[in-house]
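Heads up: the structure comes next, in structure tokens.
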Amino acid sequence: MAERLPTGIEVLDRRLDGGIPAGSIVLFSADPASQSELLLYELTAARATLYLTTLRSDQAVSDALDRTRSRVGDPTVRDVGGDAPLDAANRLVGALPEGANLVIDALDPLERSERARYRRFLSELQTAMVNTGSVAFLHAMKGGDEPANRAVTEHVADVVWDLDTQIRGSDVVNRLAIPKFRGGRALDETVKLKLEERVAIDTSRDIA
């Protein structure tokens, strides 16, 4: 049985029997207009993290990490959002240390690559995660013009996190579903989260 690597987000680790199996790829889907980045930032506190950004500059990500009041680590942030994001990401993933986190934020520009090249990237990513005992977190945007390769990502991913964000009256409601978990137990209920200054369980009750 693969070693579990804690995410560093206590409320999730308790539900995930200690964390994510080493060598896994996690697809984290969320609305662009949500606080999903807060979960990504807290992941960096658990262990050495390589944070690849495709849409924001590396400086913008570093500034956001500095401003957050959540618990964060000291990730290596690199911008791979140029003309050949797959090639740039591949080069950096190849140098990932043992037992690390890899964050790709956002995955969408890579998913817009030609299908055969993207499948090869995912295959090489899987090999790198297994060989280093690391975990990859792929942050993908939901809704609107989703890339055609999204279904490929969903199939290859070992674990799927799906964050649903809704505005109900004066409340913003965040629910995290984990419908897929290879090598572990998928959750049969969503987890209601408070995504304010840090990730926490929302204990308020829904009123029908």
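Here the peptides 23-36, 138-151, 3-16 are ranked by packing, the mean other Cβ count within 10 Å, and the order with the highest first is 23-36, 3-16, 138-151.
When the Gaussian network model of the chain links Cα atoms closer than 10 Å, the mean-square fluctuations of VAL172, VAL191, VAL80 top out at VAL172. Compared with the rule-of-thumb size 2.2 N^0.38 Å for a compact globular protein, region 1-86 has a Cα radius of gyration ratio of 1.15. Look at the alpha carbon pairs under 8 Å that are at least 6 residues apart: their mean separation over the length of the chain gives a relative contact order of 27 percent.
Of LEU193, ALA88, GLY99, which is farthest towards the positive pole of the chain's charge dipole, taken about the Cα centre with +1 and -1 on the beta-carbons of Lys, Arg and Asp, Glu respectively? Among LEU193, ALA88, GLY99, the one farthest towards the positive end of the dipole of the chain is GLY99. Please report the net charge: other residues with Cβ closer than 13 Å to the Cβ of GLU114, K and R +1, D and E -1. Net local charge, GLU114 excluded: +3. Taking every DSSP helix (H) stretch of at least 4 residues in the chain, weighting each as -39,500 (n - 2.57) and dividing the sum by the residue count yields a mean residue ellipticity at 222 nm of -8500 deg cm²/dmol. Largest GNM mean-square fluctuation across ALA186, ALA157, ALA106, computed for the chain with C-alpha springs under 10 Å, falls on ALA186. About its Cα centre, the chain has a charge dipole of approximately 360 debye under the convention of +1 per Lys or Arg Cβ and -1 per Asp or Glu Cβ, with nothing else charged. With the cut-off at 1.5 for a/c, could you classify the chain from its C-alpha gyration tensor as rounded, prolate or oblate? Judged from the Cα gyration tensor, the chain comes out rounded (a/c under 1.5). Long hydrophobic helices in the chain: the complete DSSP H runs spanning 24 Å or more by Cα along their own axis with mean Kyte-Doolittle hydropathy of at least -1.0 are 115-132.
No lab work stands behind these numbers, since they all come straight from the coordinates. Keep in mind that this is a model prediction, so the values were computed, not measured. We place every Cβ from the backbone using ideal geometry, glycine too, and count neighbours over all the protein chains shown.
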